[in-house]
1. Which number comes out as Rg/Rh for segment 40-83 once both Rg and the Kirkwood Rh are worked out on C-alpha atoms?
2. For the residue pair K44 and A5, what label-to-label distance in nm results when each label sits 7 Å from Cα along the Cα-to-beta-carbon direction?
3. Nearest 500 deg cm²/dmol is fine: what mean residue ellipticity at 222 nm does the chain get from its DSSP H runs of n ≥ 4 alone, each adding -39,500 (n - 2.57), divided by its residue count?
4. Using Cα pairs under 8 angstrom and six or more residues apart, how large is the relative contact order of the chain, in percent?
5. Given 25 °C and 0.890 mPa s, how large is the Stokes-Einstein diffusion coefficient of the chain in µm²/s, with Rh as the Kirkwood radius over Cα pairs?
6. Figure the gain on full extension for K71 and A17 (residue separation times 0.36 nm, minus the Cα-Cα span) and round it to one decimal in nm.
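Derivation of every value follows stated rules applied to the coordinates shown; laboratory data play no part. Bear in mind the structure is a predicted one, so any value in this text is a computation, not a measurement. Ideal geometry is used to build each Cβ from the backbone, glycine not excepted, and the neighbour counts take in all protein chains shown.
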Amino acid sequence: MADDAATWEALFKRFDADGDGRISASELGDALKTLGSATADEIKSMMEKIDSDGDGYISKEEFTNFARANKELVLKLHQASAS
Ligand SMILES: [Ca+2]
Ligand SMILES: [Ca+2]
């Protein structure tokens, strides 16, 4: 759905704190920490899950693929970060 794509886009931008078009491990960590407690291990395993080509950054495509496969989790993050 188009609405979903807009949601992923907005969430990606929120996570991409420096606006370079990719989410680094520290950006992911910061974003998760503001949404609740996230341990270094949790951040690392989430990073590994989303970063499918293993270059150490989450591209918009990787993020969108992850969001599609984990809709409920990502929508929860979106709601938490919007509040
Ligand atoms: Ca970034
Ligand atoms: Ca990547």
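1. We get a ratio of 0.99 for segment 40-83.
2. Result: 3.7 nm between the two label points.
3. -21000 deg cm²/dmol
4. In percent, rounded to a whole number, it is 29.
5. Details: Rh = 12.6 Å.
For the chosen part, D equals 194 µm²/s.
6. My answer for the length gained is 17.2 nm.
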